[in-house]
Amino acid sequence: MNANPLSAKLTKLLASSLDDPKLRTSLTALSEFYTVNAVNSRHNLRGDIERRGTEVNYQFLRELEKVNIQFLELEAEMNEMNSLCQEMQDRLNLANDKTVTLLEQTDALREQSNICAVRQTILEAFLDRFTLSESEITILCSTAMDVTPAFFDALEHLENIHADCNALLITEHQRAGLEIMDSMRTYRSISYEKLFRWMQNECRTMSRPDGMMEVREVTKKAIQALKQDDQFFRSILEELVHVRRNAILRAFIDALTRGGPGGTPRPIELHAHDPLRYIGDMLAWIHQTVASEREFLESVLSSERKKRDRGQAEIKLPKASPLRLVESDATDAEIVDSLLDKNLEGTARPLKSRVEQVLVSQANAITAFKISNLIKFYSSTIERAIGTEAALSKTLHEISDASMQVFFDAIGKQSADLLRRPDTPGTDLGPPPAMKETVLQLKEIMKSFDTSFVQVDEGNKDFAPILSAVIDPLFQMCEIGAAHLSAFNRAIYMMNCLHYVQSALVYPFTKHKVEDLEKQVQDYVDTVVDEQHIVLLKQSGIAPIIQAMETKDEKTPLSLVPGMDAMSISAILSRLDHFLGSVTLDLSSWLSKIVSSRLAKAISTQNVRMFVDAYRRLCQAVEDPKNQYEFPATILVRTADDVEDLLVD
């Protein structure tokens with residue numbers, strides 16, 4: 001069916017969406033020139049739109065014409081620029097062709113210049129390493145310039161050159177190494193000669209006696225540097241020993257005779273009347289000097305131990321061959337010990353002579369022993385600082401032995417007097433006055449020895465001869481004096497003397513001697529017990545019975561032995577109660593002269609035990625059928641257990 005055109009158009013318009021962007025854009029553009037909605041305008045709308053499009057196209061063409069003109073101008077300028085660049089390229093090519101030879105020559109010269117620069121650097125480094133500068137030569141060789149830290153820097157450089165030349169000798173540059181070593185040898189000899197002369201003068205200034213001088217760093221470096229030359233180093237050490245030995249000896253003599261500055265402290269010899277203080281002051285002065293002198297020498301030699309202890313920076317030595325010291329390779333500590341020995345050697349002779357003078361006039365054993373003890377103490381202390389082979393150590397040993405010999409001589413003389421005129425025992429059988437006086441002297445000696453810082457093991461060994469020298473003659477005197485006494489009283493007397501001495505030996509170093517004396521005491525205790533046992537058997541009346549039991553023939557009954565019949569034994573045993581009632585008092589009376597209550601009690605107890613054992617044997621013999629006793633119970637008025645109960649309680 002044919003639709004109405006108008007209806008179709010309306011339908012199309014109504015179906016169109018107003019939100020269509022193209023429609024909205026068209027309407028916006030139409031509103032710019034379609035301003036009046038008239039009939040004519042609507043009839044001419046198509047023509048107006050076409051005319052409008054034509055105008056826009058013409059306008060676009062006009063704009064493009066302008067752009068075209070500008071591109072044409074740009075093309076003309078580009079063509080011109082291209083012509084100029086081509087012309088410049090042609091000129092460059094022509095110039096390059098003309099300068100290629102010059103560039104090659106320039107490259108060659110530049111390469112040669114680089115090679116020359118490297119050679120110059122190597123040469124400068126070689127000269128710096130293998131030659132001395134003018135200033136260094138002046139510092140090392142000029143006697144007008146003093147030894148300063150710069151001298152040691154130059155000397156180190158010289159030694160480094162010497163060491164590097166040794167390395168050259170093992171390469172293909174042996175000739176250069178030999179020539180440089182020859183040229184450096186002269187400088188080295190002159191520099192060490194200069195250093196040696198300077199150090200000699202420096203040593204002569206080290207004459208302060210107390211050794212508390214401050215050693216300059218340059219002096220330490222000088223000593224270390226001179227170690228490279230054995231002869232110079234030995235000579236410097238000898239010079240140092242000469243100066244220090246004289247200074248110490250002079251200071252020691254001044255301390256003895258003049259005292260300190262202004263008289264304080266006072267001269268040591270003012271106390272010559274007091275042997276212990278006199279010798280002690282001398283040894284104390286030497287001990288203090290040993291310590292200060294060691295510190296001084298360690299400072300001079302900058303010993304490795306001291307640097308480690310104090311954290312000092314190590315002095316850098318020239319890098320040369322290994323050090324060769326005085327006679328052999330040695331450490332600084334060994335050199336210090338050797339120098340310390342030589343420096344203090346001068347004090348040995350005056351010390352020895354004065355100590356010997358004191359000992360000659362010394363007759364008192366205690367004082368002589370105290371002197372010996374004092375010398376031993378300082379000897380062991382000083383010996384740890386300077387060594388056992390030092391001259392001063394040997395001197396101290398000699399005077400220590402001499403003082404001990406004086407002590408033993410005094411003890412020997414005293415012992416001879418005791419043995420020549422021995423004391424006789426008193427009625428109380430106690431220690432004689434001479435023993436008490438000698439033991440009092442021994443206590444003083446032990447007290448002095450106990451304060452000598454001697455170890456217990458060493459004390460037992462060292463003090464044993466002293467104990468023997470004092471005690472043995474004392475007991476010999478007691479034995480001689482008690483020769484007229486009975487065995488019983490002599491045993492008690494010797495036991496009292498031994499106990500008196502034993503009670504005085506309270507120190508650890510007398511332990512062995514106490515044990516020896518205890519054995520002797522026990523021997524005399526056995527003697528007293530045996531003697532008293534015989535007396536007890538006799539007083540109790542059973543001695544004949546015990547003797548008959550021990551001496552009869554084994555086959556003979558005891559009852560058949562004469563005097564051992566039942567009636568005889570009953571008569572003897574009838575008196576036993578009286579004996580048992582008084583025996584305890586008798587024992588106490590007999591043992592009252594024993595000084596030691598412990599020993600008296602032990603002897604009494606042992607006697608009671610022995611008597612009880614003897615009576616028990618008697619009872620067993622009477623009760624034994626072999627001995628043919630009838631009615632043993634009537635013979636034995638008391639059993640062995642009864643006797644034991646009475647006596648032991």
Just to be sure I understand, how many residues within segment 207-258 are more than 32 Å from the chain's Cα centre (by Cα), under 18 Å from I335 (Cβ atoms) and among the small types (G, A, S)? 1
Tell me which helices (runs of 4 or more DSSP H) are completely within segment 506-622 and hold 2 or more residues being over 60 Å from the mean Cα position of the chain (by Cα) and of a type in the set (F, W, Y), or say none if there are none. 576-590
Number of the exception - G459 against (1) at pLDDT 85 or above; (2) within 39 Å of the chain's Cα centre (by Cα); (3) among the small types (G, A, S): (1)
Out of K194, K221, K227, sole residue that is more than 23 Å from A144 (Cα to Cα) and either of a type outside the set (D, E) or not assigned by TED's automatic domain parsing to the domain that holds S338 (or both): K227
Can you pull out every residue in segment 597-629 that is surrounded by fewer than 17 Cβ atoms within 10 Å (Cβ to Cβ), touching a helix residue (DSSP H, G or I) at 6+ places or on another chain (Cβ under 7 Å) and farther than 29 Å from Y524 by Cβ? E623, Q628
Only one of I375, I411 is under 31 Å from the mean Cα position of the chain (by Cα), buried (at least 21 other Cβ atoms within 10 Å of the Cβ), hydrophobic (A, V, I, L, M, F, W, C) and not assigned by TED's automatic domain parsing to the domain that holds R277. Can you tell me which? I375
What pairs come out if I take residues in segment 279-295 that are in contact (Cβ under 8 Å) with a residue 24 or more places away in the chain and pair them with residues that are exposed (fewer than 15 other Cβ atoms within 10 Å of the Cβ) and of a type outside the set (V, I, T) whose C-beta lies under 7 Å away, six or more apart or interchain? S292/D210; S292/M212
Read through the list (1) at pLDDT below 85; (2) more than 26 Å from S142 (Cα to Cα), then give the number of the only condition that R185 fails. (2)
Just to be sure before I move on: is R208 of a type in the set (K, R), modelled with pLDDT under 85 and more than 23 Å from E238 (Cβ to Cβ) in the structure I sent? no
Just one listed residue, out of L102, L123, is aliphatic (A, V, I, L, M), surrounded by 10 or more Cβ atoms within 10 Å (Cβ to Cβ) and either modelled with pLDDT of 80 or more or in a helix (DSSP H, G or I) (or both), and it is L123
Take K513 and decide whether it is closer than 30 Å to K443 by Cβ and basic (K, R). yes
Does segment 531-538 contain any residue that is farther than 12 Å from F611 by Cβ and either surrounded by fewer than 16 Cβ atoms within 10 Å (Cβ to Cβ) or outside the structural domain of I492 (by TED's automatic domain parsing) (or both)? yes
Suppose we filter S486, S468, S503 for residues that are farther than 30 Å from T451 by Cβ, among the polar types (S, T, N, Q) and not assigned by TED's automatic domain parsing to the domain that holds S597; which single one remains? S486
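Results for (1) under 30 Å from L560 (Cβ atoms); (2) of a type in the set (A, V, I, L, M); (3) modelled with pLDDT of 80 or more, shown as yes or no for each residue.
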{"residue": "V583", "(1), (2), (3)": "no, yes, no"}
{"residue": "I594", "(1), (2), (3)": "no, yes, yes"}
{"residue": "R617", "(1), (2), (3)": "yes, no, yes"}
{"residue": "E623", "(1), (2), (3)": "yes, no, yes"}
{"residue": "K626", "(1), (2), (3)": "yes, no, yes"}
{"residue": "D642", "(1), (2), (3)": "yes, no, no"}
{"residue": "V648", "(1), (2), (3)": "no, yes, no"}
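The values are calculated or read from the model by the stated rules, or taken from the named source; none is laboratory data. Just so we're clear, the structure is a prediction, and the values are computed from it rather than from any experiment. Methodologically, a virtual Cβ is constructed for each residue, glycine included, from the backbone with ideal geometry; neighbour enumeration extends over all protein chains shown.
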